[in-house]
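Participant: Sharing a structure below in structure tokens format, with a few things to ask.
Taken together, the values in this text are just the output of simple stated rules run on the coordinates, not laboratory data. This structure is a prediction, so every number in the text was calculated from the model and none was measured. Cβ placement follows ideal geometry from the backbone for every residue including glycine, while neighbour counts extend to all protein chains displayed.
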């Protein structure tokens with residue numbers, strides 16, 4: 001691969017031995033049609049990683065992978081990714097999460113094609129497919145946010161798309177390194193949404209965002225209502241902290257559209273018994289989101305109880 005098309009992957013890592021997803025991700029990255037140069041693992045628990053890496057023979061099986069340790073207290077969604085990106089001199093940075101498994105060998109090729117076909121593209125992000133064990137509601141969520149058709153977004157689409165104009169996901173997204181450096185990387189600290197804040201900055205600077213539906217990763221979760229509450233609390237906090245991105249947008253209306261679509265899907269599939277549990281999850285998400293949007297009115301004890309990221313508040 002020429003330096004002009006070189007790709008390094010940056011993956012934040014936490015407790016990789018919980019399941020086999022990071023192993024599967026590394027194995028699929030090793031077999032990409034367009035090879036990656038390095039996989040930079042930004043790990044937040046050194047002893048846990050060391051035991052896992054020795055057991056799984058990571059250095060032997062995946063020589064392109066290198067690990068850099070940060071403390072759990074120092075982890076930040078933006079700063080840790082910035083640190084990983086700073087370790088690379090590749091033309092493109094592919095930011096991924098440790099549980100995003102490439103669906104095939106063409107992931108990098110497709111993202112590069114989308115990026116290089118557009119002279120103004122700052123980010124090309126992949127489609128996320130639900131895993132086989134995903135619940136029906138989670139499958140709907142993937143279909144709602146990651147449709148089968150690719151599209152391109154610019155600042156001119158903001159009036160039409162609202163909050164979706166700046167939607168991009170660091171679960172799997174390719175960044176033009178030159179643009180990334182020009183824009184100063186991700187805004188730190190960040191409790192959540194570092195990708196969307198960056199995407200909005202890129203749009204304002206005149207760049208475009210490409211959603212590449214044929215670049216696919218397998219990534220989904222079966223969150224409990226409690227987990228959804230904590231996750232959406234941090235989501236609400238991030239929106240409150242970045243009014244320049246989210247003020248005036250209508251994320252609630254997007255949420256209502258998604259809820260109605262999912263309810264129709266469950267009804268049409270005859271999954272009536274799943275509807276009460278789904279509605280409980282919706283209530284938990286909305287409660288977490290509203291509390292997060294209003295975190296400045298909450299006592300610190302409540303914030304620490306509601307957040308998914310206690311270290312953010314103790315920094």
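Participant: Calculated from the structure, Kirkwood radius over Cα pairs in Å equals which of [x] 19.1; [y] 19.6; [z] 20.2?
Facilitator: [z]
Participant: Show me, bin by bin at 10 Å from 0, the whole-percent P(r) of region 225-314 based on Cα pairs.
Facilitator: All Cα pairs considered, the percentages come to 17, 42, 28, 12, 1.
Participant: Just the Kirkwood number for region 162-315, please: inverse of mean 1/r across all distinct Cα pairs, in Å, one decimal. Each step should come with its number before you reach the end.
Facilitator: Working: mean 1/r = 0.0579 Å⁻¹.
It works out to 17.3 Å.
Participant: Given the options 128, 228, 116, which has the most mean-square fluctuation in a GNM of the chain, springs set between C-alpha atoms less than 10 angstrom apart?
Facilitator: Judging by the Gaussian network model, the answer is 116.
Participant: Right, next: With just the Cα atoms defining each centre, how far is region 147-214 from region 245-315? Give it in Å.
Facilitator: The distance from the Cα centre of region 147-214 to that of region 245-315 comes to 22 Å.
Participant: A further question on this structure: Once R0 is set to 25 Å, what does the formula 1/(1 + (r/R0)^6) return for the Cβ-Cβ distance between residue 47 and residue 226, expressed as a FRET efficiency to the nearest 0.05?
Facilitator: 0.35
Participant: So for the pair residue 314, residue 5, with labels modelled 7 Å out along Cα→Cβ, what separation do we get in nm?
Facilitator: In this crude spin-label approximation the distance works out to 4.7 nm.
Participant: A further question follows. List the relative contact order of the chain as a percent without decimals, with contacts defined as Cα pairs under 8 Å and 6+ residues apart.
Facilitator: Working: 563 pairs, mean separation 63.7, N = 315.
Worked out over the chain, it gives 20 percent.
Participant: With the radius of gyration and the Kirkwood radius both derived from the Cα set of region 4-79, what is their ratio Rg to Rh? Walk me through the numbers before you get to the answer.
Facilitator: On the way: Rg = 12.6 Å, Rh = 13.0 Å.
Taking Rh as the inverse mean 1/r over Cα pairs, Rg/Rh reads 0.97.
Participant: Out of 223, 175, 146, any idea which swings most in a Gaussian network model of the chain, alpha carbons joined below 10 Å?
Facilitator: The residue with the greatest mean-square fluctuation here is 223.
Participant: Where both partners of a DSSP beta bridge lie in the chain, what percent of those bridges are antiparallel, to the nearest 5?
Facilitator: Details: 13 of 36 bridges.
Around 35 percent of the beta bridges assigned by DSSP in the chain are antiparallel ones.
Participant: Taking the alpha-carbon set of region 39-194, what are its Rg and Dmax in Å?
Facilitator: 17.0, 52
Participant: When the chain is fully extended, how far beyond the present Cα-Cα distance does residue 154 get from residue 60, taking 0.36 nm per residue of separation? Intermediate values should be presented prior to the final figure.
Facilitator: Working: separation 94, 0.36 × 94 = 33.84 nm, distance 4.34 nm.
Extra length available between residue 154 and residue 60 comes to 29.5 nm.
Participant: While we're here: Comparing 272, 29, 204, which has the greatest mean-square fluctuation in the GNM of the chain with Cα pairs linked when under 10 Å apart?
Facilitator: Of 272, 29, 204, the most mobile in the Gaussian network model is 272.
Participant: Right, next: Okay, helix-only estimate at 222 nm for the chain: each DSSP H run of n ≥ 4 adds -39500 (n - 2.57), divide by all residues, round to 500 deg cm²/dmol; what do you get?
Facilitator: On the way: 15 runs with 144 residues, N = 315.
One gets -13000 deg cm²/dmol as the mean residue ellipticity at 222 nm.
Participant: Under the 0.36 nm per residue contour assumption, what length would be gained going from the current alpha-carbon distance of residue 74 and residue 144 to full extension? Mind showing how you got there, number by number?
Facilitator: On the way: separation 70, 0.36 × 70 = 25.20 nm, distance 3.38 nm.
The residue 74-residue 144 span can extend by a further 21.8 nm.
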